[in-house]
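What follows is a single structure, written as structure tokens, with notes after it.
The values are calculated or read from the model by the stated rules, or taken from the named source; none is laboratory data. Everything quoted here is computed from the prediction, not taken from an experiment. All Cβ positions, glycine included, derive from the backbone under ideal geometry; neighbour counts span all protein chains shown.
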Amino acid sequence: MRTYLVTGAAGFIGANFLKYILVKYGEDIKVIVLDKLTYAGNLGTIKNELKDPRVRFVKGDIGNTELVSQIFADYDIDFVVNFAAESHVDRSITNPQLFLETNILGTQNILNCAKIAWTTGTDKEGYPTYRSGKKYLQVSTDEVYGSLSKDYDEPHLLVIEDEVVKTVVKGRTKIQTYGKKYFTEETPLDPRSPYSASKTGADLIVKAYHETFRMPINITRCSNNYGPYHFPEKLIPLIIKNILEGRLLPVYGKGENVRDWLYVEDHAKAIDMVLNKGRIGEIYNIGGFNEEQNINIVKLTIKTIARLMDEEPKYRKVLKTDLSNINETLITFVGDRLGHDMRYAIDPSKIAKELGWYPETPFEKGIEKTIRWYLENQDWVEEVISGDYQKYYEQMY
Ligand code: NAD
Ligand code: DAU
């Protein structure tokens with residue numbers, strides 16, 4: 001029996017991780033969810049999981065020492081998975097301080113509470129010793145590495161020769177890339193937005209607890225996720241929402257910035273593997289060799305929605321616009337994000353080689369699955385946008 005403390009599980013990736021482990025582990029687990037329910041956290045996202053006797057929900061801030069230490073006193077926590085964060089780069093540009101409070105101080109608070117709860121004594125050199133089987137996992141991001149340059153205007157196809165890369169991209173013989181370099185775990189940290197600076201600060205304090213106190217930790221750094229329950233202010237769900245409403249599709253700058261997209265369930269699977277098999281103290285990059293320019297993501301989303309409307313007329317009932325509007329004329333180029341990172345591209349060879357992880361969801365399949373999910377779950381979108389659902393649930397906890 002393992003007991004998890006999963007923070008931020010009412011948000012996008014945390015909720016998908018919670019769903020993944022509850023299905024995978026049957027009766028063998030108990031999960032304590034700690035979430036402050038900010039605008040990005042919604043209990044409607046995990047309403048079925050909240051009814052599960054294996055799950056306990058605690059509403060609160062990861063930075064609240066009294067609350068977090070009480071959780072460690074009440075439950076014998078084995079694994080901490082810290083998803084809780086302010087996660088939106090654009091919001092970090094308008095309110096940086098909140099990002100530092102939650103992402104750095106909040107992280108240090110959970111780490112410290114875990115350290116106190118897990119310590120059994122000290123060894124002869126003075127380092128703390130810990131109860132066995134404990135681990136703290138920090139969910140981090142490729143943004144801590146800064147920005148890679150774009151060497152090609154059009155995607156360049158690389159023939160795969162490396163055996164490890166072949167295991168990651170199963171079935172593909174070539175990968176599409178926009179530049180020669182990739183982020184590895186050795187790439188120097190070079191954050192450039194208040195969000196990524198705060199995530200870097202968090203990574204560094206986690207690493208410091210490992211070096212100074214020998215805390216059993218891992219850090220995972222993942223590329224852009226997409227999939228169900230993604231809050232509709234991030235690129236892909238925002239574009240889907242705007243298409244259905246016949247609104248313009250805002251593309252920052254020229255739309256040339258490149259992101260490396262990963263289906264969220266593949267991220268959940270990677271975190272589960274690192275928790276169970278990752279070497280203590282190690283950092284693992286997670287990504288799918290799936291680079292694309294924003295403009296192409298937007299065009300593909302338009303094309304896929306138009307096709308689905310054509311092939312499956314049942315979806316037309318969610319349209320708040322004229323069918324003939326679903327085309328590229330909706331795209332509107334708007335002012336660029338300040339300090340907009342040009343390109344992210346993860347090399348996940350380490351996690352592939354050491355733990356056998358690879359992304360199971362090809363992008364074309366993942367994006368269609370995601371779009372279908374949004375078409376079939378418009379109630380969820382309405383709820384998270386209105387905030388009413390959140391208020392309703394807040395009265396209950
Ligand atoms: P999200 O914004 O959808 O969810 C964040 C969750 O954390 C919400 O439920 C929110 O209520 C909760 N939260 C925020 N502040 C809190 C606090 N002080 N105390 C307790 N709970 C708090 O974020 P996401 O996209 O699911 O990202 C989850 C984690 O993964 C973040 O740490 C993020 O940096 C990281 N990450 C995200 C991506 C991505 O593409 N979304 C990629 C790599 C890494
Ligand atoms: O790379 C991992 C990161 O991915 C995570 O650490 C962050 O938590 C997560 O939010 C995400 O950050 P991005 O800034 O890459 O995601 P976002 O969806 O906000 O933007 C994706 C790209 O699309 C980015 O280049 C900015 C652009 N964009 C975004 C929005 C919201 C637009 O062109 N138009 C938009 O309206």
Being among the aliphatic types (A, V, I, L, M) and closer than 18 Å to residue 337 by Cα is the filter; apply it to segment 219-258 and report the residue that is farthest from ligand 2 (Cβ to nearest atom).
248
Of the residues in segment 37-69, how many are touching a strand residue (DSSP E or B) at 6+ places or on another chain (Cβ under 7 Å), more than 26 Å from residue 1 (Cα to Cα) and away from ligand 2 (no atom under 16 Å from the Cβ)?
1
Residue match in segment 214-227 (condition: at positive phi and among the charged types (D, E, K, R))
yes
I'd like to check which strands (runs of 3 or more DSSP E) are fully inside segment 117-222 and have at least 2 residues that are more than 16 Å from ligand 1 (Cβ to nearest atom).
119-122, 128-130, 156-159, 174-177
Every residue in segment 112-156 that is under 27 Å from residue 255 (Cβ atoms), away from ligand 2 (no atom under 16 Å from the Cβ) and loosely packed, with under 12 Cβ neighbours inside 10 Å, please.
153, 154
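Just to be sure, is residue 281 away from ligand 1 (no atom under 11 Å from the Cβ) and surrounded by 19 or more Cβ atoms within 10 Å (Cβ to Cβ)?
Spelling it out, it is not the case that residue 281 is away from ligand 1 (no atom under 11 Å from the Cβ) and surrounded by 19 or more Cβ atoms within 10 Å (Cβ to Cβ).
Condition check ((1) over 26 Å from residue 291 (Cβ atoms); (2) at pLDDT below 95; (3) touching a Phe, Trp or Tyr at 6+ places or on another chain (Cβ under 7 Å)) across all residues:
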site	(1), (2), (3)
329	yes, no, no
346	no, no, yes
349	no, no, no
375	yes, no, yes
Please list, ordered by first then second residue, the pairs with beta carbon atoms under 6 Å, 6 or more apart or interchain, first in segment 243-267 and under 15 Å from residue 141 (Cα atoms) and among the acidic types (Asp, Glu), second assigned to a strand (DSSP E or B) and more than 9 Å from ligand 2 (Cβ to nearest atom).
260/291
Complete set of residues in segment 323-368 that are of a type in the set (D, E, K, R) and either surrounded by fewer than 15 Cβ atoms within 10 Å (Cβ to Cβ) or within 16 Å of ligand 1 (Cβ to nearest atom) (or both)
328, 336, 337, 341, 343, 347, 353, 360, 364, 365
Residue 260 vs. criteria assigned to a helix (DSSP H, G or I) and either more than 14 Å from ligand 1 (Cβ to nearest atom) or of a type outside the set (Lys, Arg) (or both):
no
